[in-house]
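Asker: Below you will find the structure I want to go over with you.
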Amino acid sequence: MQLLGHQQLVMGGAQRPPVVRRCARLCVQCTVAGVETEKIDGRTIRRSLNQTGRYTRQPSNNTESQQLMDTHGVGYSSSGLVAQMRENGNVWQQGEVTVKLAKAYGYCWGVERAVRMAYEARNSFPDRNMFITNEIIHNPEVNERLRELDINIVEETENKGKDYSNIQKGDVVIFPAFGATAQEMKYFRDKGVQMVDTTCPWVAKVWNSVDTYTKKNSTSVIHGKYSHEETVATASFASDYIIVKDLKEAQYLCDYIMFGGSKEEFMAKFKNAVSAGFDPETMLVKVGLANQTTMLKGETEQIGKMLEQTMMRKYGPDKLQEHFIVMDTICDATQERQDALYDITADPKAIDLMIVVGGFNSSNTSHLQEIAEHKGIPSYWVDSAARIDVAGNKVLHKLAYGELKETSGWLPAGPLTIGVTSGASTPDTRRWRR
Ligand code: SF4
């Protein structure tokens, strides 16, 4: 059985000696499956894909595929309630209920592009076995439509990791919107499969930034969640890296850079979030900031400022450029959805409650929910209409920090104003059968 996705690899910075490293998740299969240690240069691997003649990374804008997406309700809406609201200034009114739709909501272009490329791939290779190395986006219903097109989604299990043993030369393999690791790309390049790379260009931009940091012999500080597929992929293209998930972890990191501390405590704290062989005493002298594209924009910016100030205080303003690099890699789509939510909730008294729609494993949707919660607005994150029990006036919803909760009597009597938004992997419509 061939297991990938948690491989070890060796990468060397320009001057540093090569070190053995692993992906961000040091989980069972790394140690049990005995995946071979392998030297990989992510940038070279990415460049080599083009030369195979079996690699596509642009949509073909095939109209048949577009029509099928419309039929399946997995694209932008051109009819239905959401489309009507758009034409009516993002407002819908019925009796005493007013619904306000955020100005920017739902599918971002990167996600729509990825789904379109998957539909186009099925159209171009109707008879071939087809696989996606992960969910193409974090939306259960869209992934279900892809399965109906006989596209197999290779899911990762806690004990076994990913099993690619069914994939053979000549099959078609799709890399999802949030990318694939350098090891996966190399594996499929060498396997002789047809590769359809739907990685969002914004994600690829982050990979370019960690490439730059590696070349400058700097450690990548990645603002993200160490187990998120996009961050795992980004980390695979970095040389030395540390992943911080929030301001608290960033502050801890900055304090360590500034004042030092217990190395054991540091390593215990970041045990799942650093490159193998990471040494906080030697690898935090030069750092560059990267991010998971769906994190809160303000938080990424704040982490950048914290690192900048720390390096300035430690090494002096004239040496700052030698010790800290930042490249603008925050995705506009994520930012726009967050800004639109701030906008719609600017006067919290004007909105009685929020409905946030998006997959329960969608990071950017969790941040939308987080913003509403922080503002003290009752907010219900649902991944489909099926979570709402209209007759019983109950809703099963998720909180920003992960808890699933059932709330009774969630919809008060009117007059009522409801704000609605949705995450970047949520299509406008759902017209398919259940
Ligand atoms: S949220 Fe941004 S980075 Fe992610 S797929 Fe959409 S456009 Fe790309």
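Asker: Can you list the helices (runs of 4 or more DSSP H) found entirely within the stretch 272-367 that contain at least 3 residues being under 26 Å from the mean Cα position of the chain (by Cα)?
Answerer: 297-315, 332-344
Asker: Which of the helices (runs of 4 or more DSSP H) found entirely inside the stretch 174-258 contain at least 1 residues meeting this: of a type in the set (Val, Ile, Thr)?
Answerer: 201-215, 229-237
Asker: How about the stretch 41-160: which strands (runs of 3 or more DSSP E) wholly inside it have at least 1 residues that are in the same structural domain as Arg337 (by TED's automatic domain parsing)?
Answerer: 91-94, 97-101
The rows are residues; the columns are (1) under 30 Å from Ala350 (Cα atoms); (2) over 25 Å from the mean Cα position of the chain (by Cα).
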{"residue": "Leu49", "(1), (2)": "no, no"}
{"residue": "Thr56", "(1), (2)": "no, no"}
{"residue": "Thr63", "(1), (2)": "no, yes"}
{"residue": "Trp92", "(1), (2)": "yes, yes"}
{"residue": "Lys100", "(1), (2)": "yes, yes"}
{"residue": "Ala104", "(1), (2)": "yes, no"}
{"residue": "Arg113", "(1), (2)": "no, no"}
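Asker: Only one residue in Gly316, Gly277, Gly261 is away from the ligand (no atom under 16 Å from the Cβ) and touching a strand residue (DSSP E or B) at 6+ places or on another chain (Cβ under 6 Å). Which one?
Answerer: After applying the criteria, what remains is Gly277.
Asker: From Phe125, Phe131, which residue is without any contact (Cβ under 8 Å) to a residue 60 or more places away in the chain, more than 16 Å from the ligand (Cβ to nearest atom) and among the aromatic types (Phe, Trp, Tyr)?
Answerer: Selected residue: Phe131, the only one of Phe125, Phe131 that is without any contact (Cβ under 8 Å) to a residue 60 or more places away in the chain, more than 16 Å from the ligand (Cβ to nearest atom) and among the aromatic types (Phe, Trp, Tyr).
Asker: Same structure, new question: Is the stretch 149-163 home to any residue that is of a type in the set (A, V, I, L, M), within 16 Å of the ligand (Cβ to nearest atom) and touching a strand residue (DSSP E or B) at 6+ places or on another chain (Cβ under 9 Å)?
Answerer: So far as the stretch 149-163 goes, no, none of its residues is of a type in the set (A, V, I, L, M), within 16 Å of the ligand (Cβ to nearest atom) and touching a strand residue (DSSP E or B) at 6+ places or on another chain (Cβ under 9 Å).
Asker: Specify the residue that is farthest from Phe324 (Cα to Cα); the eligible residues are those in the stretch 290-309 that are surrounded by 22 or more Cβ atoms within 10 Å (Cβ to Cβ) and in contact with a Phe, Trp or Tyr (Cβ under 8 Å, 6 or more places away or on another chain).
Answerer: Thr293
Asker: Name the residues in the stretch 325-352 that are under 20 Å from Thr293 (Cα atoms) and away from the ligand (no atom under 15 Å from the Cβ), would you?
Answerer: Of everything in the stretch 325-352, those that are under 20 Å from Thr293 (Cα atoms) and away from the ligand (no atom under 15 Å from the Cβ) turn out to be Ile325, Val326, Tyr342.
Asker: Scan the stretch 77-90 residue by residue and report those that are in contact (Cβ under 8 Å) with a residue 40 or more places away in the chain and under 27 Å from the mean Cα position of the chain (by Cα).
Answerer: Ser77, Val82, Ala83
The values are calculated or read from the model by the stated rules, or taken from the named source; none is laboratory data. What you are looking at is a predicted structure, and each value in this text was computed from that prediction instead of being measured. Cβ: placed from backbone, ideal geometry, glycine included. Neighbour counts: every protein chain shown.
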